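The values are calculated or read from the model by the stated rules, or taken from the named source; none is laboratory data. All values reported here derive from a predicted model rather than from experimental measurement. Virtual Cβ from ideal backbone geometry, glycine too; neighbours counted across all protein chains shown.
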Amino acid sequence: MSTSEQHTPDAQDNHNWVDVQNSPDFRELRRRLRSFVFPMAGLFLAWYLLYVLLADYAHGFMSTKVIGNINVGLILGLLQFVSTFVITTLYVRHANKNLDPMAEKLRNELEGGQA
């Protein structure tokens, strides 16, 4: 399809999207997404804020040597990266199990209605 042949949405297309957005399945999909994203974002931000506050106000604790030149601050800093990968893995698992099947169902219903 060339750019001059772009599909312009008509009233029926808009009606379908509004119907999907107002459907119980879509509300459930949104609830499932938010029930994971908001608590996880809050936990990560709290963890990051704790790290920043410790780095700024607890110099003695953060400079405590653990092994050789490796101190608590370095370990907690590296755990920030680890926690990012853990959150990503948990989200992918959650999306594959709880979000994608419902999103696929909604997409099939919407596209099936237009075909």
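May I ask you to list pairs of residues, at least six apart or on different chains, whose Cβ atoms are under 7 Å apart, with the first in segment 56-79 being farther than 20 Å from PHE44 by Cβ and surrounded by 12 or more Cβ atoms within 10 Å (Cβ to Cβ) and the second being hydroxyl-bearing (Ser, Thr, Tyr) and modelled with pLDDT of 95 or more?
Final answer for the pair search is ASN71/SER63; ASN71/THR64.
Determine if segment 45-54 includes at least one residue that is in contact with a helix residue (DSSP H, G or I) (Cβ under 6 Å, 6 or more places away or on another chain) and free of Cβ contacts under 8 Å to residues at least 24 places away in the same chain.
Checked segment 45-54: at least one residue is in contact with a helix residue (DSSP H, G or I) (Cβ under 6 Å, 6 or more places away or on another chain) and free of Cβ contacts under 8 Å to residues at least 24 places away in the same chain.
Residues to consider are PHE26, PHE61; find the one that is out of contact with any His (no Cβ under 9 Å at 6 or more places or on another chain), of a type in the set (Phe, Trp, Tyr) and modelled with pLDDT under 95.
Numbers: PHE61 fails: modelled with pLDDT under 95.
The conditions single out PHE26.
In segment 85-113, what residues are farther than 16 Å from GLN21 by Cβ, in contact (Cβ under 8 Å) with a residue 40 or more places away in the chain and either surrounded by fewer than 13 Cβ atoms within 10 Å (Cβ to Cβ) or more than 12 Å from the chain's Cα centre (by Cα) (or both)?
If the condition is that a residue be farther than 16 Å from GLN21 by Cβ, in contact (Cβ under 8 Å) with a residue 40 or more places away in the chain and either surrounded by fewer than 13 Cβ atoms within 10 Å (Cβ to Cβ) or more than 12 Å from the chain's Cα centre (by Cα) (or both), then LEU90, ASN98 are the ones that fit.
Return yes or no: is VAL37 surrounded by 10 or more Cβ atoms within 10 Å (Cβ to Cβ), at pLDDT 90 or above and not in a helix (DSSP H, G or I)?
no
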